[in-house]
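Heads up, the thing below is written out as structure tokens.
The values are calculated or read from the model by the stated rules, or taken from the named source; none is laboratory data. Small disclaimer: the values here were computed from a predicted structure and weren't measured. Virtual Cβ from ideal backbone geometry, glycine too; neighbours counted across all protein chains shown. These area figures cover heavy atoms from the full protein model, side chains too; ligands, DNA and RNA do not enter into them. Shrake-Rupley method; radii C 1.70, N 1.55, O 1.52, S 1.80 Å.
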Amino acid sequence: MKKLLLLICIVTGATPFVKGQTIERCLSHRAIEYQESLTPGYAAQVNAVFEHAKAYSAANAFEKNNELYTIPVVVHVVYHTPEQNLPDSVIIDQIRILSEDFGRMNPDTVNMRSDFDPVAGNPRIKFKLAQIDENGLPTNGITRTETPNTSFGSIAAALGDFSDLENVKSTANGGHDAWDPSRYLNIWVCNMSIEFAGNEITALLGYATPPDGLPHWPAGTTTGLTDGVVLQFQTVGSNNPNTLDMGNGPMQMMGRTACHEVGHYLGLRHIWGDGDCTAQDGVDDTPNATAQSDFDCDASKNTCVDNILGLDLPDMIENYMDYSAEDCQNSFTQGQVDIMHGVLDNERYDLVHGNPASVSVLEEISFTIFPNPANDVITFQHNGELVNVYLSTMYGTELKRDIQLLSASSIAIEDLPAGVYFINFETTQGVKGSKRFVKQ
Ligand SMILES: [Ca+2]
Ligand SMILES: [Ca+2]
């Protein structure tokens, strides 16, 4: 399997891994340089996938807006201590968070500043723990492996050599082998802290491989990078019993390290483009920034002048692909959504299209709406047990309506401005979905 890019994000804080006086928090660009040194032409390939995805999405924008993808997930918990052996409840909570954030159903979208209303997008992607394994046997989508390795992190890893980290993806090296990466999103959860001068330093929170399968990748350059996402165990879920402390006290974690890394896995770069105002993330509607946020929530920043729909937007600390505080992140942009959809319909086609693993986790629920387009009333019908139904704008903003949870119910919409809206629903089994309609 070709490996195209390892986006590795290291947060050094006050650690020894400081270049000169510049604290280097994320090594994505260095990972690109590293791969470029191994395989000349690599950086050009990275750019090619973005151009390809953007062109594809631009051509299919209307249809893609109505698509809903389901990604089957297997979580490999690789633990050395009992604390690292996270309970199922934490894993399940992480999957819920991914589905909410990638379905724009997270309640804190209301915190997104209105500056970004014109660019906010809904990926309409949901995540489900796999219910059958590679061999067709029942599973809860979680594997557990006790490892002799105290950590998969190392100083070498912090400097850009990923071989120690990659051991977590290998049963023979103390980790757990991937399930077929073309059919499952593999997420490994482990300890990646680093022993240095007698101290244990938690510097690396996660890393991910963006899609592979790019054309023109030289044969024989599979450098041992296995496809998937790796997470430091304290970052998982919003109910994790472990505390993450990177040297500045306990941090509030909401499971959004996974959202950031899955964003990479689906082709997104850091919003600041791993550089100054001249660096681009390959997305037209994300504002440039001079640097990543510093795990803070500074809404006063507008570090680069840009022109997005005629606006100079502030730095988008609300974006999952920044390094702002997790309780500050709540949104993707439509440009980012387009890239992720392009990846799911091309480089990661088998993950969501006709995938037996995906079919197995899709609950059978029929949810229909009519008429569409509608003028004054829209009706929904379904065959499941619902716990929630709400009307939203195309950007996910909930519109208050008194909606009954009957098998068929109508919603008055005569007061809505003409445009695109969604009816969103959630079943008692936790299945979430939505239907798009046009108000004339
Ligand atoms: Ca941009
Ligand atoms: Ca700006």
Flag for Asp345 being out of contact with any strand residue (DSSP E or B) (no Cβ under 7 Å at 6 or more places or on another chain), without any contact (Cβ under 8 Å) to a residue 60 or more places away in the chain and either not assigned by TED's automatic domain parsing to the domain that holds Gly275 or not hydrophobic (A, V, I, L, M, F, W, C) (or both): no
Single residue of the range 272-282 satisfying the filter (away from ligand 1 (no atom under 11 Å from the Cβ) and more than 18 Å from Asp312 (Cβ to Cβ)) that is modelled with the lowest pLDDT: Asp274
Subset of the range 302-332 [open to solvent by less than 40 Å² (accessible area, probe 1.4 Å), over 18 Å from Thr235 (Cα atoms) and either more than 15 Å from ligand 1 (Cβ to nearest atom) or assigned to a loop (DSSP other than H, G, I, E, B) (or both)]: Cys304, Asp306, Leu313, Pro314, Asp315, Met316, Ile317, Glu318
Residues (surrounded by 15 or more Cβ atoms within 10 Å (Cβ to Cβ) and modelled with pLDDT under 95) located in the range 156-178: Ala157, Ala158, Gly160, Phe162, Asp164, Leu165, Glu166
Any chance Gly267 is surrounded by fewer than 20 Cβ atoms within 10 Å (Cβ to Cβ) and within 15 Å of ligand 1 (Cβ to nearest atom): no
Pick from the range 283-300, criterion closer than 29 Å to Val189 by Cβ and within 11 Å of ligand 1 (Cβ to nearest atom), ranking: modelled with the highest pLDDT: Thr286
Index of the failed condition, Met316 passing every other in (1) away from ligand 2 (no atom under 16 Å from the Cβ); (2) at pLDDT 90 or above: (1)
Residue ID - surrounded by the most Cβ atoms within 10 Å (Cβ to Cβ), chosen from residues in the range 119-142 that are out of contact with any Phe, Trp or Tyr (no Cβ under 9 Å at 6 or more places or on another chain) and of a type outside the set (A, V, I, L, M): Lys128
Qualifying residue in the range 337-345 (condition: part of a helix (DSSP H, G or I), surrounded by 17 or more Cβ atoms within 10 Å (Cβ to Cβ), of a type in the set (Gly, Ala, Ser) and away from ligand 2 (no atom under 16 Å from the Cβ)): yes
Arg96 being over 30 Å from Glu200 (Cα atoms) and not in a loop (DSSP other than H, G, I, E, B): yes
